[in-house]
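The values are calculated or read from the model by the stated rules, or taken from the named source; none is laboratory data. Remember, it's a predicted structure, so these values are computed and weren't measured experimentally. Positions of Cβ are generated from backbone atoms using ideal geometry, with glycine treated the same way; all protein chains shown enter the neighbour counts. Each accessible area value is taken on the protein alone, full model and side chains, heavy atoms only, with ligands, DNA and RNA left out. Shrake-Rupley method; radii C 1.70, N 1.55, O 1.52, S 1.80 Å.
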Amino acid sequence: MNTMLRKTVLGVAGLAFAGGVVGGPVGTALDSAAHAAPANPVAAVVRAEKPDTGKLMPHGEPGSQSRIPLDGEQTANVKAIIEATKKAGMDERAAVVAIATSLQESKLENLGHLGDRNDHDSQGLFQQRPSSGWGTVEQITDPEYSTTAFLKGLKQVDGWQDMPLTEAAQTVQVSAYPDHYAQWEKQAADLVAEHWNS
C-alpha cells in the first residue's frame, strides 16, 4: 500500500513537474506580455495619428514664415477654432486657414475694441466688424461664433481648398495686407497637427 501510494504521489508530482515545464514558459510568456501591455489599452486605441502634413499644407511651405509662442488663452483659442471647424463639417485644411488668419489678425487673442489702435470697430479673433455685418460685438468676440462666421465665408469661396492659403483668407477677410496671411501657414499647420485629435 505504501509503495502504491508513493507511486501515485510520485506520478502526480511528475505530471505537475512536466506540466510546469511545458506550461511554465508559456505561462511566463503570457505573464510577460500582460505586464508589457499598456496600462490603459483603450487610450492606446483611441489615440489617432496626426493629420498628414501634405493635406495641411498642400502647396508646401510658403516663403518666409513667422512664429510666436502661445500662452494658455491662445492655445484655448486654437482648440476652439478646431472644434468650430469640426462642428461646421470642414476638414483640417479649413482649420489651418482659420488659425493662420487669426494669427495674422489678432495673434490668436480675442481682442475687444482697441480704439484708434485697430481698424475701426474690428474685434475678436478674426478682427471682424459689426458694422460690416459679421455680427454683434458679443457674437464676434465669442471664439466659436467668430470661427463659424469666418468658415461660412470660406465655404462661399469657390475652390478655396485648391487656393494658396493667403488667397483663400484674403477672399474672406478683404484685408489691406492680403499677403500677410501666408507667413503663419506653417505654425497653423503645426497647431492643427498637434490639436486636431487631442
Does a label point 7 Å from the Cα of D91, set along Cα-to-beta-carbon, have any residues of the range 49-69 with amide nitrogen under 18 Å, and which are they? 49-61
Please work out how much length the chain gains when fully extended from Q156 to V174, using 0.36 nm per residue of separation minus the C-alpha to C-alpha distance, in nm with one decimal. 5.1 nm
Rounded FRET efficiency, nearest 0.05, which uses the C-beta distance separating D121 from K50 and R0 of 41 Å: 0.60
The answer for G124, listing residues at least 5 apart or on another chain whose modeled amide H is closer than 5 Å to its amide H, is L111, G112
Spatially proximal lysines relative to K186 (Cα-Cα < 24 Å; intrachain offsets below 8 disregarded): K50, K55, K79, K86, K87, K107, K152, K155
At 1.4 Å probe size, put Y145, Y177 in order of accessible surface, largest to smallest. Y177, Y145
